[in-house]
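In what follows, a single structure is set out as structure tokens and then discussed.
The numbers here are math on the coordinates, done by the rules we state, and not lab data. From a predicted model like this one, the values you see are computed outputs, not experimental measurements. All Cβ positions, glycine included, derive from the backbone under ideal geometry; neighbour counts span all protein chains shown.
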């Protein structure tokens, strides 16, 4: 089970199977981030599940929170492997990025949890219902992994779709944006030119 070249550990695959079962239990036609969270809580041998357990997240309350946030489907869904929601797919992409960023060759349950935290879907709302800050969960995972500081990405300029930004601005705002961009590029040019 791999979205890219990164492999998933046995425990991570078990989490995703539990997530599929949770989605089926709720008569959903998809696996949401909340289902992956419930799967993590059930897989107590992995880092992700242990972090959640140590922070007071339990399956009974988490299921109740999920059922209050996401309605149970009306139709019984036949048991099979369900597709992921776009948010779940993105969370899994983030999990793979986290594994690579931490120089891990495989996606473990800790990476699944970190991916859920970055996506900020229903799973994060459930964690918040327990009175837990998402950044505290991230810190706990990184502490267990022995990472004292977050790996830092090098600073780089990012491309911005100025047309889409400008469409939402008034005429005065557009003129100010154009002036800001012009001045920013001039400053960058001056810094680069005079080095």
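Numerical summary
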quantity	calculated
Separation of the residue 72 and residue 145 label points, Cα + 7 Å toward Cβ, nm	3.7
Contact order normalised by residue count of segment 7-144, Cα under 8 Å, 6+ apart, percent	32
Sorted peptide list for 136-142, 90-96, criterion being average Cβ within 10 angstrom, highest first	90-96, 136-142
Separation in nanometres of the label points that stand 7 Å from Cα toward Cβ, at residue 30 and residue 120	1.9
Linear extension gain, residue 54 paired with residue 134, 0.36 nm per residue minus alpha-carbon span	27.4 nm
